[in-house]
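Read the figures in this text as sums done on the coordinates, not as results from a lab. Keep in mind that what you see is a predicted model, and the values were worked out from it rather than measured. Methodologically, a virtual Cβ is constructed for each residue, glycine included, from the backbone with ideal geometry; neighbour enumeration extends over all protein chains shown.
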Amino acid sequence: MPTSPGDIDASVPPSGPGCQECMAAGDWWLHLRRCAACGHIGCCDNSPNQHATRHAETTGHPVITSFEPGEDWFYDYRTGQFVEGPALAPPEAHPLDQGVPGPPGAVPRDWQEKLHP
Ligand SMILES: [Zn+2]
Ligand SMILES: [Zn+2]
């Protein structure tokens, strides 16, 4: 199923360098996802807080893309399929020195035990 107008707004820059909700709470994440409709940066489903999926559920914004360096896939929650997408407003990924998991200083020693499978 192709994405429809409004699912993706390539002109909107990302909300920030890290997960919007985790940064506000002083929390941490594994990987970052970017909402293709509004630029919201949220954490992936392996992260403790799963903010990217929660954002999609609460807003109805259906398409995310990766905010990880070197990854350019898009994913449509409605179909569970990876889809093609356009180049979005830069930056295309979080800063390299932010690390994975991130951000520096907020990642607990036993972070691997806190991931979702
Ligand atoms: Zn988060
Ligand atoms: Zn959104």
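Can you tell me the dipole magnitude for the chain around its Cα centre, using point charges on the Cβ only (Lys, Arg +1; Asp, Glu -1), in Debye to the nearest 20?
Details: 6 positive and 15 negative charges, 42 e Å.
With only Lys, Arg, Asp and Glu charged at Cβ, the dipole is about 200 debye.
Going by a 4.7 Å Cβ-Cβ cut-off, which cysteines of the chain have no partner at all?
CYS35, CYS38, CYS44
Mean-square fluctuation check for the chain, GNM, Cα pairs under 10 Å: which of SER66, SER15, SER47 is largest?
Of SER66, SER15, SER47, the most mobile in the Gaussian network model is SER15.
Which residues does the label zone of SER4 cover in the stretch 51-82, counting backbone N under 15 Å from a point 7 Å along Cα→Cβ?
60-63, 77-79
Run the quick spin-label model on LEU96 and CYS38: label points 7 Å from Cα toward the beta carbon, then report their separation in nm to one decimal.
About 3.3 nm separates the two model spin labels.
According to the Cα gyration tensor, what semi-axes, each the square root of 5 times an eigenvalue, does the equivalent ellipsoid of the chain have, listed from largest to smallest in whole Å? All intermediate terms of the calculation are to be shown ahead of the outcome.
Values: eigenvalues 111, 44, 29 Å².
That gives 24, 15, 12 Å for the three semi-axes.
Would you calculate a helix-derived [θ] at 222 nm for the chain, using -39,500 (n - 2.57) for each DSSP H run of n ≥ 4 and dividing by the full residue count, to the nearest 500? Mind showing how you got there, number by number?
Details: 2 runs with 15 residues, N = 117.
Calculated mean residue ellipticity at 222 nm is -3500 deg cm²/dmol.
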